[in-house]
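Remarks on the structure that follows.
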Amino acid sequence: MKTLLVAAAALINENDEVLLAQRPKGKRLAGKWEFPGGKVEKNESPEEALVRELHEELGITVKKTDLEPFWFLSHDYEKEFGFHLLMPVYLCRLWQGDPHPKEHESIVWEFPREMHKLDMIEADAELVAKLSAALENA
């Protein structure tokens, strides 16, 4: 089974809302919501990949030192897409620039307790409960 390494971020604003991005038309799982991030390329650390992806996807600048390791997600997409997803997830409260959708259909700021109302991609839906518990108890 092929393993796909993807890094993702929960960007958290001053109100403890988290940014979610809607997958664009023409891509797998189009229209579903996800945490921003992307594939870790060869010779790239997950943090380096996330810094690059957040700039490409949202037009923001993030420092590796502002990424706080949060959780490690493992999800089987073998039947649907032929791979197993491994995804380190980071919390990020500091960045430069105003996030805007450069590669996504749309973005939204949501409280973690409200995220279950959105049509999340399956792997990211697993993260919602953990994130909600962490931010509600912080």
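Which residues, taken from region 81-120, are buried (at least 18 other Cβ atoms within 10 Å of the Cβ), assigned to a loop (DSSP other than H, G, I, E, B) and in contact with an Asp or Glu (Cβ under 8 Å, 6 or more places away or on another chain)?
Trp95, His104
I'd like to know if region 27-37 contains one or more residues that are modelled with pLDDT of 95 or more, closer than 16 Å to His84 by Cβ and not in a strand (DSSP E or B).
no
Looking at Glu122 and the list (1) in contact with a Gly (Cβ under 6 Å, 6 or more places away or on another chain); (2) over 14 Å from Leu5 (Cα atoms), which single condition is not satisfied?
Checking Glu122 against (1) in contact with a Gly (Cβ under 6 Å, 6 or more places away or on another chain); (2) over 14 Å from Leu5 (Cα atoms), the one that fails is (1).
Of all residues in region 17-35, which are touching a Leu at 6+ places or on another chain (Cβ under 6 Å) and among the charged types (D, E, K, R)?
Result: Arg23, single match.
Go through region 121-138 and give me each residue that's under 15 Å from the mean Cα position of the chain (by Cα) and either surrounded by 15 or more Cβ atoms within 10 Å (Cβ to Cβ) or of a type in the set (S, T, N, Q) (or both).
The answer is Ile121, Ala123, Asp124, Ala125, Glu126, Leu127, Val128, Lys130, Leu131, Ser132.
Among (1) modelled with pLDDT of 95 or more; (2) open to solvent by 60 Å² or more (accessible area, probe 1.4 Å); (3) among the hydrophobic types (A, V, I, L, M, F, W, C), which single condition is Phe72 missing?
Every listed condition holds for Phe72 apart from (1).
Under 6 Å between Cβ atoms, at least 6 apart or on separate chains: pull out the pairs that start in region 18-36 with a residue that is under 18 Å from Ala49 (Cβ atoms) and end on any residue that is of a type in the set (Phe, Trp, Tyr) and modelled with pLDDT of 95 or more.
Leu19/Trp109
Residue by residue through region 7-17, note down the ones that are over 9 Å from the mean Cα position of the chain (by Cα) and touching a residue at least 12 places away in the same chain (Cβ under 8 Å).
Result: Ile12, Asn13, Asn15, Asp16, Glu17.
Look at region 14-46 and say how many of its residues are farther than 19 Å from Asp124 by Cβ and open to solvent by 50 Å² or more (accessible area, probe 1.4 Å).
6
The values are calculated or read from the model by the stated rules, or taken from the named source; none is laboratory data. All of these numbers come straight from a predicted model, not from anything done at the bench. Cβ sites come from the backbone with ideal geometry, for glycine too, and all protein chains shown count toward neighbours. Heads up: the accessible areas ignore ligands, DNA and RNA and are worked out on the full protein's heavy atoms, side chains in. Shrake-Rupley method; radii C 1.70, N 1.55, O 1.52, S 1.80 Å.
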